[in-house]
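Worksheet for the structure shown next.
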Amino acid sequence: MKRLIGVWLGLMLLLAISTFSALLPLGILNTILNVAIAVAKSLLVLMYFMQLRRSIALLRLVAMVSLLTLTLFFVLAGADFITRTIERAPWQAAQPSVAEDYSPAAR
């Protein structure tokens, strides 16, 4: 029981760190830090609350394969999103760019 309370306190500490890190102007490091914290929290939940640490090897293998499949889906979806170009339909009006809105000639 002490171990579960310690893990829960660790999760609460990681939650506090991720909450306060959102207030720091770290740029891209903020995203990297929060993803690392999320991975640590998910590993704690998997190992202690789902008890994968003491489970049989087949159950651990199934959990690992499902996480790898989910990771593959996210990577493929992200690659699809990054490589798409935005094409407007013929009936949509062209949107002015931000630079055109604030140019001195527009005033």
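Bear in mind these aren't lab numbers, they're just calculated from the coordinates by the rules spelled out. Everything numeric in this text was worked out from a predicted model, so none of it was measured. Neighbour counts run over all protein chains shown; Cβ positions are idealised from the backbone, glycine included.
Numerical summary
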item: For the chain, calculated [θ]222 nm from helices alone, where every DSSP H run of n ≥ 4 adds -39500 (n - 2.57); result: -21500 deg cm²/dmol
item: Centre separation in Å (Cα based) which lies between the stretch 45-90 and the stretch 24-39; result: 19 Å
item: Zone of Ala38's modelled label, taken as backbone nitrogen in the stretch 75-90 under 17 Å from a point 7 Å along Cα→Cβ; result: 75-82
item: Cα long-axis angle, helix 57-83 against the chain (0 to 90 degrees, to the nearest 10); result: 10 degrees
item: Mean shadow area of the stretch 1-53, taken as a quarter of the surface of its Cα convex hull (nm²); result: 3.5 nm²
item: Along each principal axis, Cα extent of the stretch 1-91, largest first, Å; result: 63, 39, 22
item: Cα lying deepest toward the dipole's positive end in the chain, options Tyr48, Met12, Asn30, charges on Cβ; result: Tyr48
item: Gain in span if fully extended, Ala93 to Phe20, counting 0.36 nm per residue against the direct Cα distance; result: 22.1 nm
